[in-house]
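Report on one structure; see the data block that follows.
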Amino acid sequence: MPPQLRIGLGHDTHRTAPGGPLRLGGIDIAADLHLLGHSDADVLLHAITDSLLGAANLGDIGELFPDTAAENLGRDSAEMLNTAWQRVQSAGWEIVNIDCVVLAERPKLLPHRLAICQRITDILNIDPQRVGLKGKTGERSGEIGRGEIIQAIANCLLQQA
Ligand code: MG
């Protein structure tokens with residue numbers, strides 16, 4: 001019998017504001033902007049969290065960590081991802097791989113890619129080879145291109161543990 005596989009998709013958007021540092025992928029990046037949100041606004045970790053929850057059919061990040069709850073104010077998204085991942089593991093799943101795209105006009109992602117992937121695989125306690133990350137700009141067009149928002153997309157593949 002072939003292994004049972006489930007695909008997950010996560011997407012998130014946060015608005016930018018002047019002044020750094022930028023919390024992205026669980027690390028603080030020197031930048032001239034940061035993201036606004038109820039939690040620490042880590043758009044990439046939110047997308048990954050939703051992809052895992054979606055693949056396991058365990059709801060979404062807004063259900064697990066409502067933005068109306070005081071305990072989620074300024075909350076560390078790494079902790080939220082870890083909590084969600086524990087639920088997914090408890091439901092009998094392990095990660096085959098995660099692939100992500102960050103859509104941001106600035107800062108450039110490439111110099112930070114290794115550190116972000118390392119941090120994500122540390123949070124999830126998985127092999128570094130299992131996480132891919134790409135940065136794309138908005139080609140100076142639209143809200144992304146004007147630097148007003150940063151978005152992230154994450155796909156994951158789970159298999160039965
Ligand atoms: Mg979010």
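Within segment 142-157, track down each residue that is under 10 Å from Ser51 (Cα atoms) and in contact with a Lys or Arg (Cβ under 9 Å, 6 or more places away or on another chain). I'd like the intermediate steps shown before the answer.
Residues of segment 142-157 that are under 10 Å from Ser51 (Cα atoms), as a first pass: 153-157.
If the condition is that a residue be under 10 Å from Ser51 (Cα atoms) and in contact with a Lys or Arg (Cβ under 9 Å, 6 or more places away or on another chain), then Cys156, Leu157 are the ones that fit.
Would you check if Thr68 is in a helix (DSSP H, G or I), of a type in the set (Ser, Thr, Tyr) and either open to solvent by 10 Å² or more (accessible area, probe 1.4 Å) or modelled with pLDDT of 95 or more (or both)? Walk me through how you get there before you give the answer.
On the way: in a helix (DSSP H, G or I): no; of a type in the set (Ser, Thr, Tyr): yes; either open to solvent by 10 Å² or more (accessible area, probe 1.4 Å) or modelled with pLDDT of 95 or more (or both): yes.
No.
Just give me the residues in segment 31-64 being open to solvent by less than 20 Å² (accessible area, probe 1.4 Å), within 15 Å of the ligand (Cβ to nearest atom), of a type outside the set (Val, Ile, Thr) and out of contact with any Lys or Arg (no Cβ under 6 Å at 6 or more places or on another chain), in sequence order.
The answer is Leu35, Ala41, Leu44, Leu45, His46, Ala47, Ser51, Leu52, Leu53.
Where the second residue is in a helix (DSSP H, G or I) and surrounded by fewer than 21 Cβ atoms within 10 Å (Cβ to Cβ) and the first is at pLDDT 95 or above and polar (S, T, N, Q) and lies in segment 85-114, which pairs have Cβ atoms under 9 Å and are six or more apart or on separate chains?
Between residues of segment 85-114 that are at pLDDT 95 or above and polar (S, T, N, Q) and residues that are in a helix (DSSP H, G or I) and surrounded by fewer than 21 Cβ atoms within 10 Å (Cβ to Cβ), the close pairs are Asn97/Gln129; Asn97/Arg130.
Could you please find all residues in segment 139-156 being open to solvent by 50 Å² or more (accessible area, probe 1.4 Å) and in contact (Cβ under 8 Å) with a residue 40 or more places away in the chain?
First pass over segment 139-156, keeping only residues open to solvent by 50 Å² or more (accessible area, probe 1.4 Å): 139-141, 143, 146, 148, 153, 155.
Passing the criteria: Arg146, Glu148, Ile153, Asn155.
Could you check how many residues of segment 89-99 are assigned to a loop (DSSP other than H, G, I, E, B) and open to solvent by less than 50 Å² (accessible area, probe 1.4 Å)?
Of segment 89-99, the ones assigned to a loop (DSSP other than H, G, I, E, B) are 91-92.
Those left that are additionally open to solvent by less than 50 Å² (accessible area, probe 1.4 Å): 92.
Result for segment 89-99: 1.
What tally of residues in segment 9-28 results from selecting those that are open to solvent by 90 Å² or more (accessible area, probe 1.4 Å), over 22 Å from Leu53 (Cα atoms) and within 16 Å of the ligand (Cβ to nearest atom)?
1
Taking the stated definitions as given, is Arg6 outside any loop (DSSP other than H, G, I, E, B), more than 13 Å from the ligand (Cβ to nearest atom) and not acidic (Asp, Glu)?
Values: outside any loop (DSSP other than H, G, I, E, B): yes; more than 13 Å from the ligand (Cβ to nearest atom): yes; not acidic (Asp, Glu): yes.
Taking the combined requirement at face value, the residue satisfies it.
Quick check, is Val102 over 15 Å from the mean Cα position of the chain (by Cα), assigned to a strand (DSSP E or B) and of a type in the set (A, V, I, L, M)? If you could, list the steps in order and put the result at the bottom.
On the way: over 15 Å from the mean Cα position of the chain (by Cα): no; assigned to a strand (DSSP E or B): yes; of a type in the set (A, V, I, L, M): yes.
Considered against the rule, which asks whether it is over 15 Å from the mean Cα position of the chain (by Cα), assigned to a strand (DSSP E or B) and of a type in the set (A, V, I, L, M), Val102 comes out as no.
Take segment 105-138 and flag every residue that is open to solvent by less than 30 Å² (accessible area, probe 1.4 Å), among the small types (Gly, Ala, Ser) and assigned to a strand (DSSP E or B).
Hit for segment 105-138 is Gly132, nothing else.
The values are calculated or read from the model by the stated rules, or taken from the named source; none is laboratory data. Since the model is a prediction, treat every value here as computed from it, not as a measurement. Please note: Cβ atoms are built from the backbone with ideal geometry, for glycine as well, and neighbour counts cover all protein chains shown. Accessible surface areas use protein heavy atoms only, side chains included; no ligands, DNA or RNA. Shrake-Rupley method; radii C 1.70, N 1.55, O 1.52, S 1.80 Å.
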